[in-house]
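The values are calculated or read from the model by the stated rules, or taken from the named source; none is laboratory data. Given the structure is predicted, the values throughout are model-derived calculations rather than measurements. In this analysis, Cβ positions are derived from the backbone assuming ideal geometry, glycine residues included, and neighbour counts consider all displayed protein chains. Each accessible area value is taken on the protein alone, full model and side chains, heavy atoms only, with ligands, DNA and RNA left out. Shrake-Rupley method; radii C 1.70, N 1.55, O 1.52, S 1.80 Å.
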Amino acid sequence: QSTILLELARVRSLRISQDRLTAGLVSAGMEGSEGRTTPIPNNAVDTGTACIISSTTAETGVNVNNTITTHKLSASTRSRSTYVNQHEKSKAPPQNKNMNNPSTMLPFLCGLTAGITQAGFFNPYDRALYLSVKHKRPFLSSCNFNSPYLGFLQSISGRALSGGLFFPLESLFSGTLSSSSSAPTNATKKHDLANFLSGSAAGAVSAFMLNPLSAIKYRTWGRETNRGVIAEALIMWNKGGIRPFFHGLLPTLARDVAFGGTYTFIRLHVRELNLLDDHYLWIGDTASAALAAIVSGPFNLARNVQYATRASKQRPSINKVLSTLVKESVMKESAYSAAKFLQRRLRIGWGTARVAAGMAFGQSVYDLCMDNVNSL
């Protein structure tokens, strides 16, 4: 009997030690930064220690049961520690990898920088080109350069947004579509098609978003005095409702889709073939923009004609503008006169030079900004 009582005392001592050790581990593992403890379910820990009382009358049984108790204590401790870690992980809020990630906004900030720089540098050129088309007079006429920065605030906002949208959107669509066209069969043709579609998509998105602002800008350029964006928008609304803000939308979409697809396709194709050194990539960008401007020139003419239409009048359709252009060219006495007429109306000279220089300039600013940012 004395031996049994002694063994029972030893069992109680082991139980007390186990409870103290377990309580210490739970308190250390579950205590948060605010000093609070999270309760653990009863089934989280294996407490099966009833078998340690059996066969205590034999000396060997005591040793076996002590060994069993030690293993049960270790398993119980590990089980509690595992539950604590899993419970703490489950309480942590899921992290969004894109949240507060500055890299997602850097392309648009660089595009905005390129757009602002381009707007300030080319605003006199843009206004003179528009007035020459509207009044059908030579580009270098001094009348086109009166008040060269009239409407500059409208121009800088539109150009900044246009630059801030097209270049990063082109990169976004190009990366997405190129990765989906990496199949080995006809990989080159699919990749070229992806480049064309990425440029077209970037042009379409930017054209749709910026058309109302462009309509206000061109309306301001057609006046001798600047009334401001809000005042001009109210006048357009009072005279024609919402219709004046969408003047030129269809030709703008057609122009930017044709221009964006051609520009991106040629530009990236030249770079992928490594035809030019890195220091001369601007030559390829300029040539790409010039060819894209020629392809989209007819739609740009229709766009300018619709923008020049008064708010209270019905704007001419793209087909009407282009058919009138063809009829006027056919009526010329010679092919040379017809070609010269088309060149002047489509602004293949001065207009092409403006687009080519502007896109190459903006692309260089954007690429330089992205290179400097990525090197940080």
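Some observations on this one:
- For region 247-292, a tally of residues being under 13 Å from residue 363 (Cβ atoms) and β-branched (Val, Ile, Thr) returns 5.
- Scan of region 110-148 for residues that are among the hydrophobic types (A, V, I, L, M, F, W, C), in contact with a Pro (Cβ under 9 Å, 6 or more places away or on another chain) and free of Cβ contacts under 8 Å to residues at least 40 places away in the same chain, ordered by number: 128, 145
- Scan of region 320-376 for residues that are under 21 Å from residue 305 (Cβ atoms), open to solvent by less than 30 Å² (accessible area, probe 1.4 Å) and under 36 Å from the mean Cα position of the chain (by Cα), ordered by number: 321, 351, 352, 354
- Filtered residues of region 241-255 (kept if farther than 21 Å from residue 321 by Cβ and either in a helix (DSSP H, G or I) or open to solvent by less than 40 Å² (accessible area, probe 1.4 Å) (or both)): 241
- The combined condition, being of a type in the set (S, T, N, Q), at pLDDT below 90 and assigned to a helix (DSSP H, G or I), is fulfilled by residue 238.
- Tally, over region 108-139, of residues that are over 22 Å from residue 305 (Cβ atoms) and aliphatic (A, V, I, L, M): 5
- Here residue 309 fulfils each of the conditions (1) under 30 Å from the mean Cα position of the chain (by Cα); (2) open to solvent by less than 30 Å² (accessible area, probe 1.4 Å) apart from (1).
So that you can scan it fast, the table gives a plain yes or no per residue for (1) modelled with pLDDT under 80; (2) over 26 Å from residue 108 (Cα atoms); (3) more than 16 Å from the chain's Cα centre (by Cα); (4) polar (S, T, N, Q):
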| position | (1), (2), (3), (4) |
| --- | --- |
| 128 | no, yes, yes, no |
| 133 | yes, yes, yes, no |
| 147 | no, yes, yes, yes |
| 157 | yes, no, yes, yes |
| 162 | yes, no, no, yes |
| 181 | yes, no, yes, yes |
| 192 | no, no, yes, no |
| 196 | no, no, yes, no |
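- Flag if residue 258 is more than 18 Å from residue 214 (Cα to Cα), open to solvent by less than 30 Å² (accessible area, probe 1.4 Å) and either under 28 Å from the mean Cα position of the chain (by Cα) or touching a residue at least 24 places away in the same chain (Cβ under 8 Å) (or both): yes
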